[in-house]
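Colleague: Below you'll find the structure I mean.
Each value in this text was obtained by applying a stated rule to the coordinates, not by laboratory testing. In this text, all values refer to a predicted model and were calculated from it rather than measured experimentally.
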Amino acid sequence: MMRPCLAPFSVLLLSSCAADRFYQQVDGTGEITGRPAVVWTQPDKFVYAHQLNTDFKFSRPNGEVIHPGSIETDGGSIPRILWSQKDFSPWTYAPAYLVHDWMYEAHRRKVPAGKDADGNPIYYTKDQADWIMAEIIKAQMENPEQFNTRKSAGNLRRIYWAVSKFGDTAWNGEPHPVVATTATEEFISDTLRNLPLLPVLGSLKSELLSPVRPQPALKGSRVHVE
């Protein structure tokens, strides 16, 4: 006897269980300090200026600290068709997206992305950068009073899945240095080429049961990794 309704239900149940398991894996006890501000340069183009964000940083649970340098950014590169969906605007998880963009750009520039607990400069691998983004999103979700963000294990898993699966081109691309054009920190960007955060989120069929990458080594390295 055929039971056609069970298959879709089973897929959704398994997806929910996978999302819950992943949420439990991620340590959300890190601290987001300050509120990041970006400078509008032209339609749909922004610059995160380090000099204008001296207080914004992310302190990881293991004591490492990431204080992003200046970068071109579009927040999370969410497909426009999804902007109207709850929690999928390019700026819903802005602290995580900005730190993530910085870690990718730091790798392309071959410069340290953060500091360890002793203040030594450290580098991160792509897997670590993607995982740290998940740490920040969960930290935001776990502090709704501070960030007015709802908890969603499904969102956390989907976003991590997307960047870990489709971020290789951005990770291995060319650096995009941001140059101050005036003493008042006005920044002009000719081209915005950042990580396509959710290039296929509009079609979740392949994501529902696809495994996410496992947790990488938690600590950054003092040596840059290609």
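Colleague: Looking at this model, which pairs from 126/219; 151/219; 115/165; 110/138; 57/138 are more than 22 angstrom apart at the alpha-carbon?
Modeller: On the way: 126/219 13 Å; 151/219 26 Å; 115/165 26 Å; 110/138 28 Å; 57/138 15 Å.
Over 22 Å Cα-Cα: 151/219; 115/165; 110/138.
Colleague: Between residue 29 and residue 151, what length in nm is gained on full extension when 0.36 nm per residue of separation is reduced by their alpha carbon distance? Spell out each step's value before the answer.
Modeller: Working: separation 122, 0.36 × 122 = 43.92 nm, distance 1.41 nm.
Contour length minus Cα-Cα distance gives 42.5 nm.
Colleague: Amide H to amide H under 5 Å from residue 46: which residues, 5+ apart in sequence or cross-chain, H placed 1.01 Å off N in plane?
Modeller: 41, 73
Colleague: Quick check: convex hull over the Cα atoms of the range 10-171, volume per residue in Å³, rounded to an integer?
Modeller: Working: hull volume 20.0 nm³, N = 162.
Per-residue hull volume (Cα only) is 123 Å³.
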